[in-house]
Amino acid sequence: MSAMLLIALLVASPFLFILARRPILRRLAVRNAARRPREAMLVILGSLLGAAIITGSAVVGDTMDASIRQAARQHLGPIDELVVARSAGEWRSIQGRLRALPTSSVDGVVPLASFATATTAGAGGALRTVPNAQVVGLDFDAAHVFGSAGAATGVFGPTPAPGHAAITTDLARALELGPGGEIDVYAYGRPSTLTVDRVLPRVGLAGFSLTGQQEARNVLVSPSVFSAMAHRRPAGVAPPSWYVAVSNRGGIESGASLSKEVTRSIEQATAGIDPQVTDVKQQFLDVADETGKTFTQMFTAMGSFGVFAGLLLLINLFVMLASERKSELGMARAVGMRRSQLVGAFATEGFIYALLATLLGTAVGVGLGRVLVAWSQSAFSSEHNRFDLYFTVKPDSLAQSFVVGFVVAVATIVVMSIRVSRLNIIRAIRDIAEPPPRRRKRWLYAGFAAVALGALWTVSATASKEPFGLLLGPTLVFVGLAPVLTRIAPARTAASVLAAATVTWGALVFALFPDSAEGASIMMYVAQGIVMTAGGVAFATLQLDRLSSALHRFGGRVLALRLGLAYPLARRGRTGLTVSMYALVVFILTFITSISFMIDNQVSAATADVSGGAQVFVRSSAANPVSISALTQTPGVDGVAPLSQAQASFALANSPEEHFWPMTAYDSSLLQLGPPALEDRGFYRTDLDAWTSVLSDPNLIIADPMFLQQGGPPNFSVKVGDRMTIINPLTGASRDVAVAAVATGDGLIANGMLYGRPGAHQLFGDRLVPSRSYVSLVPGMNAETFAANLQSEFITNGTEAFSIAALTDEAFSMTHQIFQLFQGYLAMGLLVGIAGIAVVMIRAVRERRRQIGTLRALGFPAHWVGRSFAIEAAYIALQGTLIGALLALLTLYTIVARSDAMGDVTFAVPYVQLAVLLGGTVVASLAATIAPAMSATRIKPAVALRMTS
Amino acid sequence: MNDNAILVSEGVRKIYRSGADSIVALHGLDLVVPQGQFVAVMGPSGSGKTTLLNCVSGLDEIDAGRVLVDGLSIHELSDKERTRHRAKEMGFIFQAFNLIPVFTATENVELPLLLAGARETDARVRARETLERVGLGHRLDRRPMELSGGEQQRVAVARALAGEPRIVWADEPTGNLDSEMAAAVIALLGELHAEGLTIILVTHDPTVAAHADRLITVRDGRLVEDKLLSPPLEKEVREEVSVA
């Protein structure tokens, strides 16, 4: 943080020097800033949104990071490493070996074991059931001295006696059970009734869970009770998981830094047994960091449209300020003020605005982040999936956001101040128009350099299919050609052609190079949006004359219309800046709204793809699974395809890194039932051919399309032909496989990688339990009713049954909510546009006061004056929204219809949503113009003429 | 009241207020201007010349008295009616030209015609004719910033004349021009007056005032002298001014 503040101080130091040591410049800067407090306030309000968006994005990232870290505290506590044994015997041997671990790095070793179970309570009354609970065997006395902070284990009191248990708050809440109550635990085919001694928090060893679920529904029993239960295990069901947990010295998070060293020590101590050792805490923290960064980047990337719009507003305001003060600036130069002093005074005024705007913006950003987190919480909370968010603001992020917002604003202001200071004194004093800029050779040289650089970049990117180079290389060539072509052809025509070429290239790049779109980062789409918007606005601005004459033909007689259009058409630069603000924000809003709509449209098709021939998905406890024959005989069932899921490790070819990912094995019954559709079936003629090949060939696998994606933007995309090694993490058994096909995303079913049962059995042995199934129903059977009945019937097996259509709908609903969250966030950017048009109009009324006075003197009715301002605002807003919306739809069309980047999504235009969005934007812009337009109507001609003369 | 009067001002009083302070800018001004007269209003800076013009033209409100233009009490009209009246019956020329910068010369001149209800094609023809008359036939499509000061003022004169107003108000029309350009503008106003146009002109410049039929001198918000002029007049006006 101190580095960040140092940067801010360095950037601020020239201005602080001026304020402290240069009284004349200070007076000019401070008095000009305070001259019109209300307008200064508007400038600050218009400028603060950039900082607010940056801060809001950082707060969301902080919250995600902290929430996952919180999950690490809740589910691991002091546990830094887990040593996983293959059997109870091996487990006991490992415990003995680990007593010798060096105490300088380790402050606790505790054995624990678990298996999945179903639980019920309230027998005789209203039966309450929790199918997905877990029995944990733990010696509480050992747990109390595990790690340096006892409370972090979540365990208190003595080890429950035989017939007794402690349960976690999550399970107690679900079963409406407290101390003294009785709980039925179904494990390995038999129920056990236990008395609840106490309820423990979801923390540390008590909250131990590796399921990835938010809640930990644990039944904690003594090791002897656990062993007795485990001893009953019949053949064909999953054995318990045997762990030895190790706590490193240091705090809950800081201890993870010793993981490498401790892992080495554990491996040495257990040599010969060679169990799997997992630095589980470090993995949690890595995921937290990665997810936090991903969310920050995602929100920042989308928010960057709003930030750019804010910068354009700042530039526009300074152009207007400079124009208004042109004669004052000329006089200042005339009486001896140096150009550098003029820059100093002007930039210091801007520094005051920037400082206040960034401070306020950072504070507003924290509030914005709070709203985003609250909204995200509902998006992350569906019936079958929940992730609790803990609102967090890190001082470092706050400092970083402030500095980024501040430095960007100050840099913009300094550049504008330098530009403003380049004035001709006489022309400035007499308010005479500046002549057209001279053609300078240096621009020609810069143009040649840009063309050469752009061409090189294009060639290099074409070879590697690198998306940024493919987009920006040719764009750089077009930009570089501008100073060249405008010398040999009519400037407007040449510039228009280049602007059109930029838009066309931006729109077509992914259609021409579809491979480059796959896996492209979100920043790629940001760059694409900015390039296309810049090109589109430049083209429209250059061709405004044609629009002007068309509108004149249409409404030349309507003087308010003529006047309303005259100003934006005459001041193209300013108009272009304001139009760009709208176009940028509307581009990304249209993009997100349309994608969301297209994905929503996929629900029916996605349900059919995920279902295959099944209508119901069933899963049960691996320690007590529903028997397939019982399931098959259930009334209403037409067919059953059993699936077995195991936690596997995957290592990509040429990479030593292993990644835990679920793996589901299937057999021929799935082929008979009708397997789910494939997203990419590679070289196979039909999907069924691919499923059949993978089943018969253990060297092939069907990949999960979400493989190695953390829920953020895809930075890795698995493809047909990719090679990897599938590993049983417990035994180390492995096999090299090739991706034969890529499955369709199955959302909440979460099968993971799909593998043929014979191959899977070789690797995973008796841990491969058929605890999940696809079920097809006889015609006329309602899937949801059947699922509810099945769940009741096989309650002791921990059965959960779902209508696949309802699960798909739930997954789509979550996606839809996340898109809504983005839309709400991006709508913040619209505020920049709307605030911008209000500020621009207020300043326009001031700037045109004399002209309004003249018009009124000539007989222009007051309400026409107001109407002309409304027309001007509507024209700018309409132009910006149309350019943004059309370019976004064009971009989406090329991405969706002409490349594979969006999978099977079909291009569609959400006419109603877009009409509301675009209409709302124009109406809001008009509403923002009401106040300045009304003030313009109130201008008295004699007063306006008298004041200005 | 003179039956031929186009403008009658009776007891017009104007007070400027700023917080607790107030300044009486016009002390009960009485003035009758017959149709077709060229009236020059002179006086030192701050004497109330421009206020007089603004008040009797209806651009500004008055605190007491009344102003009749063609028998119509303009301050009793609503803002809308007074605006319409200005568009149809009056033309204005200002020291600072006050052209609309985003309109071309033609568009500036056709503005009052359109405001008065003319058809667009008629307004365009009339605007071009008027600009040709003031010697700007070659500058029809130029914007104000592309014209010299004299040319801008001639556009302003054309704008004031295009609607064929009954009365033209000119506030220091030559104040921003060099002597050659000023002479051209005044000659133009002289021509228009010769055609029967009523002109009320505020000026500091005796050379300009010498072209008028009548000289009114204002001091401290009071009309201190009102006399008819006959050519050759410039020396007489200079003497009047120096005495005043």
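Computed quantities for the displayed model
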read-out	value
Residue among A:ALA238, A:ALA309, A:ALA288, A:ALA256 that alone is surrounded by 21 or more Cβ atoms within 10 Å (Cβ to Cβ), touching a Lys or Arg at 6+ places or on another chain (Cβ under 6 Å) and part of a helix (DSSP H, G or I)	A:ALA256
Residue within segment A:707-725 that is modelled with pLDDT of 90 or more, within 30 Å of A:ILE94 (Cβ to Cβ) and in a strand (DSSP E or B) present	yes
Qualifying residue in segment A:901-910 (condition: over 27 Å from B:SER78 (Cβ atoms), in contact with a strand residue (DSSP E or B) (Cβ under 7 Å, 6 or more places away or on another chain) and either at pLDDT 90 or above or not charged (D, E, K, R) (or both))	yes
Any chance A:ALA461 is assigned to a helix (DSSP H, G or I) and away from every other protein chain (no Cβ under 14 Å)	yes
Which numbered condition A:PHE660 fails, given (1) within 27 Å of the chain's Cα centre (by Cα); (2) farther than 30 Å from A:ASP736 by Cα; (3) not β-branched (Val, Ile, Thr)	(2)
Residue within segment B:162-174 that is within 13 Å of chain A (Cβ to nearest Cβ), out of contact with any His (no Cβ under 8 Å at 6 or more places or on another chain) and more than 30 Å from B:PRO34 (Cβ to Cβ) present	no
First in segment A:814-825 and in contact (Cβ under 8 Å) with a residue 40 or more places away in the chain, second anywhere and not in a helix (DSSP H, G or I), Cβ under 6 Å, 6 or more apart	A:MET814/A:SER382
Enumerated strands (runs of 3 or more DSSP E) restricted to segment A:128-192, each holding at least 3 residues that are farther than 21 Å from A:TRP242 by Cα and modelled with pLDDT under 90	A:128-138
Set A:ASP687, A:ASP697, A:ASP722, A:ASP704: member being of a type in the set (Asp, Glu), touching a residue at least 24 places away in the same chain (Cβ under 8 Å) and in contact with a Phe, Trp or Tyr (Cβ under 8 Å, 6 or more places away or on another chain)	A:ASP704
Filtered residues of segment A:178-195 (kept if within 45 Å of the chain's Cα centre (by Cα) and on the phi > 0 side of the Ramachandran plot)	A:TYR188, A:GLY189
Among the residues listed as A:GLY824, A:GLY853, A:GLY829, the single one being part of a helix (DSSP H, G or I) and either within 14 Å of another protein chain (Cβ to nearest Cβ) or more than 21 Å from the chain's Cα centre (by Cα) (or both)	A:GLY853
Matching residues, segment A:337-361, being surrounded by 24 or more Cβ atoms within 10 Å (Cβ to Cβ), out of contact with any Leu (no Cβ under 6 Å at 6 or more places or on another chain) and under 11 Å from A:ALA51 (Cα atoms)	A:ALA354, A:THR358
Close pairs (7 angstrom Cβ cut-off, 6 or more residues apart or separate chains): buried (at least 19 other Cβ atoms within 10 Å of the Cβ) and at pLDDT 90 or above in segment A:919-935, acidic (Asp, Glu) and in a helix (DSSP H, G or I) anywhere	none
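Conditions tested, residue by residue: (1) at the interface with chain A (Cβ under 7 Å from one of its Cβ atoms); (2) among the aliphatic types (A, V, I, L, M); (3) in contact with a Pro (Cβ under 6 Å, 6 or more places away or on another chain).
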position: B:LEU77; (1), (2), (3): no, yes, no
position: B:ARG82; (1), (2), (3): no, no, no
position: B:ARG86; (1), (2), (3): yes, no, no
position: B:ALA96; (1), (2), (3): yes, yes, no
position: B:LEU99; (1), (2), (3): no, yes, yes
position: B:VAL102; (1), (2), (3): yes, yes, no
position: B:GLU110; (1), (2), (3): no, no, no
position: B:ARG119; (1), (2), (3): no, no, no
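The rows are residues; the columns are (1) under 28 Å from A:ALA538 (Cα atoms); (2) outside any helix (DSSP H, G or I); (3) within 14 Å of another protein chain (Cβ to nearest Cβ); (4) not small (Gly, Ala, Ser).
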| site | (1), (2), (3), (4) |
| --- | --- |
| A:HIS863 | no, no, yes, yes |
| A:ALA873 | yes, no, no, no |
| A:ILE876 | yes, no, no, yes |
| A:THR881 | yes, no, no, yes |
| A:ALA888 | yes, no, no, no |
| A:SER925 | yes, no, no, no |
| A:MET934 | no, no, no, yes |
| A:ALA942 | no, no, yes, no |
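The values are calculated or read from the model by the stated rules, or taken from the named source; none is laboratory data. Nothing here was measured: the structure is a model prediction, and the numbers come from that model. Quick reminder, even Gly has a Cβ in these numbers, built from the backbone with ideal geometry, and neighbours come from all protein chains shown.
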